[in-house]
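Okay, structure first, notes after.
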């Protein structure tokens, strides 16, 4: 079991994803400084909030039980004392307990979740269908057609490759490529294997395509480089 400083956010971080942040609240500034001083590879745990925008000592139950570490890749101190930070999603973990008293910020006792790909052969087939559906989804914004997307899915594949690591990256990236609800993104993060995640992603993308087609409305998306304020 390991311990991690926890950063509750209104979003789900997954392995490989970029996380831009602006950190200004005193307790998280202290957390950041402590990480930079004490760790060679500074990382903290990002855990999504079920509802609302803030989690304190009295409502840690508002946090989901599975999170992902954010490995710091760039830190810049601003003139007002705040920090702009770039981090990358690294390792998944389960939150076993939360200490609300040791620090001004939450500290979690966590268990690392291993990356299991499942049946790689089935992953390849699931990924092929998922890629075609991702193209179909993207073409909804361009006035294209599902048939064209199915025919040219491989050529317009947003995440190419058939190695297990490529398939894993694709399974995690779906939440970035499609405007999914936070509960859907959390379900993808919690999926036990790449195979399970690809199967779930395939269903979710198909659902979104049907919704857009029937309602005739496109979902609102947030630019991936938007800085999240704590």
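Side notes on the structure shown:
- Enumeration of residues in segment 1-36 that are assigned to a helix (DSSP H, G or I) and touching a strand residue (DSSP E or B) at 6+ places or on another chain (Cβ under 7 Å): 28, 29, 31, 32, 35, 36
- For segment 68-81, the condition of being more than 18 Å from residue 176 (Cβ to Cβ) and touching a residue at least 60 places away in the same chain (Cβ under 8 Å) holds for none of the residues.
- The conditions of being surrounded by fewer than 18 Cβ atoms within 10 Å (Cβ to Cβ), more than 17 Å from residue 178 (Cα to Cα) and modelled with pLDDT of 55 or more are not met by residue 129.
- Residue check for residue 149: modelled with pLDDT under 90, closer than 20 Å to residue 170 by Cα and more than 20 Å from the chain's Cα centre (by Cα): yes
- Sub-6 Å Cβ pairs linking a first residue in segment 30-47 that is under 13 Å from residue 75 (Cβ atoms) to a second residue that is assigned to a helix (DSSP H, G or I) and modelled with pLDDT under 95, at least 6 apart or interchain, are 42/35; 42/36, ordered by first then second residue.
- Only one of the listed residues (110, 98, 135) is surrounded by 13 or more Cβ atoms within 10 Å (Cβ to Cβ), at pLDDT below 95 and in contact with a strand residue (DSSP E or B) (Cβ under 8 Å, 6 or more places away or on another chain). That residue is 98.
- Against the conditions (1) touching a helix residue (DSSP H, G or I) at 6+ places or on another chain (Cβ under 6 Å); (2) modelled with pLDDT under 95, residue 15 satisfies every one except (2).
- When 75, 46, 60, 55 are checked against the criterion of being at pLDDT 90 or above, buried (at least 18 other Cβ atoms within 10 Å of the Cβ) and either in the same structural domain as residue 89 (by TED's automatic domain parsing) or part of a strand (DSSP E or B) (or both), 46 stands alone in meeting it.
The values are calculated or read from the model by the stated rules, or taken from the named source; none is laboratory data. Predicted model only: the values in this text are computed from it and were never measured. Heads up, the Cβs are rebuilt from the backbone with ideal geometry, glycines too, and the neighbour counts pull from every protein chain shown.
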